[in-house]
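I have placed the structure first, in the form of structure tokens, so that the comments after it can refer back to it.
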Amino acid sequence: MQSAPKSLRIQIAIFGRTNVGKSSFLNQIAGQDVSVVSDMPGVTTDLVEKQIELLPIGPVNFIDAPGLDDVSELGEKRIVRAKKALNRADIAALVLEAEVFTDTEKELIDTLKKKNIPFLFVINKTDIKKPSESFIKTLSVYTDIIIETSSINIEYREDSINKFKSALSKLIPSANGAQNLPLLGDLLPSGALVVLVTPIDLQAPKGRMIMPQVQAIRDALDNDDIVMVVKEKEYAAALAMLNKKPDLVVCDSQVVFKTAADTPNDVKMTTFSILFSRLKGDLIEEVRGVKTIDELKVGDKILIAEACSHHSLEDDIGKVKIPRWLRQYLGFDAQIDFCNGRDFPDNLSEYKLVIHCGACMITRQEKLSRMRVSQEAGVPITNYGMTISLTQGYLKRALSPFPAALEIVD
Ligand SMILES: Nc1nc2c(ncn2[C@@H]2O[C@H](COP(=O)(O)OP(=O)(O)OP(=O)(O)O)[C@@H](O)[C@H]2O)c(=O)[nH]1
Ligand SMILES: [Mg+2]
């Protein structure tokens, strides 16, 4: 669990005005000096992250944000940074001092509500001032999950951690990214046979498997399924060896053509990317998005968004292969922009379509927030796997386990 990837951790962001003790609170919960603390407002100037194991809750990633009311010269930039954390937070801790409730807190609460991010209040510095009953009442209008603490006082630590954990367990069920959604287990009865077709090409990391493959294996095992993993080259031979047909075949999008050709028609088949579309976002919305490819015209602009910032190889899927397959499918050159890592644009108005990667390295909350940006701009969004399946002529085949999605294609 120590090494749970960041994208599988519950993301807890700490917000509040400058100098209220956000970093001190993080340090108190983490039990170490993770974030710099000082009596000067505006000390935290960028997002500071700390991964810890909060048993029995599990692995979490804390994000300590700069103050939201920073009026210094660089304040505006810091506030922009802090707001980035709002796109990633599954849960927010709003730190404040007793008896101080300003427009900054109110605006933050409005945003959290709009984004459906559950939150708690942390009344800090209670060694200096304790909250009055009427102050607690004011806060209770928004949520009754309120912790009182003094972050610089080690005696409070145990108590704060316990109260914080209990607060989290109340908030997690309503957090977007924190539910334990199945990747494929729910598509099958337990004991089913799943075949994973995983090419080992230039892009495959040395000596290991990539996240979607590992997660699929784990999810199938959690569901008491039987998993077979083969490369596309050995796939047909593997099928021939079996004395029953698989219940589900999942392949890398890049070999959808070959896998579909080798898979009997009555066997359900999909791609890792399509499974991730469902896990990390909204499958139906992305099927609607992929359909708009057929409406693209010369001069239309497309954004291809990659969530991780890996160095792109010669035959990079996002940079090279998808543009090539799109060109072949459309019969003309589309105008394509690329974005990488966390630089997803706030303004998408110039685009006709966003094609997003499977989002295996970011959380569901962050992907959903990107989908929200697209929706607000009226720009359809889809993902790599669906685009590839469409351009290769296998979209319906790759959506065969999802009847609701098939209806939309028809
Ligand atoms: N008395 C008292 N002081 C505290 C407490 N928590 C934090 N402080 C002090 O308040 C000051 C600000 O603390 P930080 O943790 O840096 O506050 P912050 O909210 O992270 O501030 P910025 O990063 O600048 O927005 C420091 O001098 C801390 O020592 C507390 O519970 N009681
Ligand atoms: Mg700070």
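Within the stretch 205-220, the set of residues being surrounded by 15 or more Cβ atoms within 10 Å (Cβ to Cβ), free of Cβ contacts under 8 Å to residues at least 40 places away in the same chain and of a type outside the set (D, E, K, R) comprises Met209, Ile217, Ala220.
Can you say whether Ile200 is at pLDDT below 95, out of contact with any Gly (no Cβ under 9 Å at 6 or more places or on another chain), under 24 Å from Lys319 (Cβ atoms) and open to solvent by 20 Å² or more (accessible area, probe 1.4 Å), as far as the supplied structure shows? The answer is yes for Ile200. None of Asn265, Asn223 is open to solvent by 60 Å² or more (accessible area, probe 1.4 Å) and over 30 Å from Lys352 (Cα atoms) except Asn265.
Inside the stretch 112-171, residues that are open to solvent by 70 Å² or more (accessible area, probe 1.4 Å) and within 16 Å of ligand 2 (Cβ to nearest atom) make up a count of 1.
Among the residues of the stretch 8-45, those that are without any contact (Cβ under 8 Å) to a residue 60 or more places away in the chain, more than 23 Å from Thr102 (Cα to Cα) and within 11 Å of ligand 2 (Cβ to nearest atom) comprise Val34, Ser35, Val36.
In the set Val100, Val71, only one residue is open to solvent by 20 Å² or more (accessible area, probe 1.4 Å) and either touching a Phe, Trp or Tyr at 6+ places or on another chain (Cβ under 7 Å) or modelled with pLDDT of 95 or more (or both); that residue is Val100. Output yes when any residue across the stretch 366-378 is open to solvent by 10 Å² or more (accessible area, probe 1.4 Å) and assigned to a loop (DSSP other than H, G, I, E, B), and no when none is. Within the stretch 366-378, one or more residues are open to solvent by 10 Å² or more (accessible area, probe 1.4 Å) and assigned to a loop (DSSP other than H, G, I, E, B).
Tyr351 falls short on exactly one of the conditions (1) without any contact (Cβ under 8 Å) to a residue 60 or more places away in the chain; (2) outside any loop (DSSP other than H, G, I, E, B); (3) open to solvent by less than 30 Å² (accessible area, probe 1.4 Å), and that condition is (2).
In the stretch 379-410, the qualifying residues are those that are closer than 25 Å to Leu86 by Cβ and in a loop (DSSP other than H, G, I, E, B), and the one that is least open to solvent (accessible area, probe 1.4 Å) is Val379. Among residues of the stretch 293-320 that are under 27 Å from Gly378 (Cβ atoms) and at pLDDT 95 or above, those with a beta-carbon under 7 Å from a residue that is part of a helix (DSSP H, G or I) and not aliphatic (A, V, I, L, M) at least six positions away or on a different chain give the pairs Ile293/Thr387; Ile304/Gly318. Could you tell me whether Ile12 is buried (at least 23 other Cβ atoms within 10 Å of the Cβ) and within 15 Å of Lys165 (Cα to Cα)? When the stated conditions are applied, Ile12 passes them.
Residues in the stretch 268-307 that are surrounded by 15 or more Cβ atoms within 10 Å (Cβ to Cβ) and either among the small types (Gly, Ala, Ser) or part of a loop (DSSP other than H, G, I, E, B) (or both): 10 in all. All of Ala216, Ala192 fail the test of being within 26 Å of the chain's Cα centre (by Cα), under 26 Å from Tyr394 (Cα atoms) and not polar (S, T, N, Q), apart from Ala216. Reported count of residues in the stretch 140-187, each being assigned to a loop (DSSP other than H, G, I, E, B), in contact with a helix residue (DSSP H, G or I) (Cβ under 8 Å, 6 or more places away or on another chain) and at pLDDT 90 or above, is 8. Would you check which residues across the stretch 140-155 are over 29 Å from Asp33 (Cα atoms) and aliphatic (A, V, I, L, M) and list them? Within the stretch 140-155, Val141 is the sole residue that qualifies.
For every residue, the table says whether it meets (1) out of contact with any strand residue (DSSP E or B) (no Cβ under 8 Å at 6 or more places or on another chain); (2) surrounded by fewer than 13 Cβ atoms within 10 Å (Cβ to Cβ).
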site	(1), (2)
Pro189	yes, yes
Leu196	no, no
Val229	no, no
Asp247	no, no
Phe257	yes, no
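Is it true that Lys84 is away from ligand 1 (no atom under 12 Å from the Cβ) and farther than 27 Å from Pro5 by Cα? In short, no.
The values are calculated or read from the model by the stated rules, or taken from the named source; none is laboratory data. Bear in mind that the values here come from a model prediction, so they are computed numbers and not experimental data. Note: ideal-geometry Cβ built from the backbone for every residue, glycine included; neighbour counts use all protein chains shown. To get the accessible areas, we keep the full protein, side chains included, count just its heavy atoms, and leave off ligands, DNA and RNA. Shrake-Rupley method; radii C 1.70, N 1.55, O 1.52, S 1.80 Å.
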